[in-house]
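Take a look at the structure below.
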């Protein structure tokens, strides 16, 4: 990631602030919301996909596992 940042930004990495286009921020927020929506929990799209493929029983366990992992302390 650091190499990619050096290639794209170049000498701008030495500055304390970097100008970012507002569309980059909106795109990042869109990706974040999509990633959260694809978590296999409850009525989110990921939960519906798991339920369609594996059935309700596995989807219920997937929801419980997702909630436990989401609530657990970060490593």
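Read the figures in this text as sums done on the coordinates, not as results from a lab. Every value quoted in this text rests on a predicted model; they were computed, and no experiment measured them. Cβ atoms come from the backbone with ideal geometry, glycine included; neighbour counts cover every protein chain shown.
Details
- Residue satisfying all of: in the range 60-75; within 20 Å of the chain's Cα centre (by Cα) and surrounded by 13 or more Cβ atoms within 10 Å (Cβ to Cβ); farthest from residue 33 (Cα to Cα) among these: 62
- Residue 73, sole failed condition from (1) out of contact with any helix residue (DSSP H, G or I) (no Cβ under 7 Å at 6 or more places or on another chain); (2) assigned to a helix (DSSP H, G or I): (2)
- Residue selected from the range 2-56 under the condition touching a helix residue (DSSP H, G or I) at 6+ places or on another chain (Cβ under 8 Å) and more than 29 Å from residue 69 (Cα to Cα), by the criterion surrounded by the fewest Cβ atoms within 10 Å (Cβ to Cβ): 18
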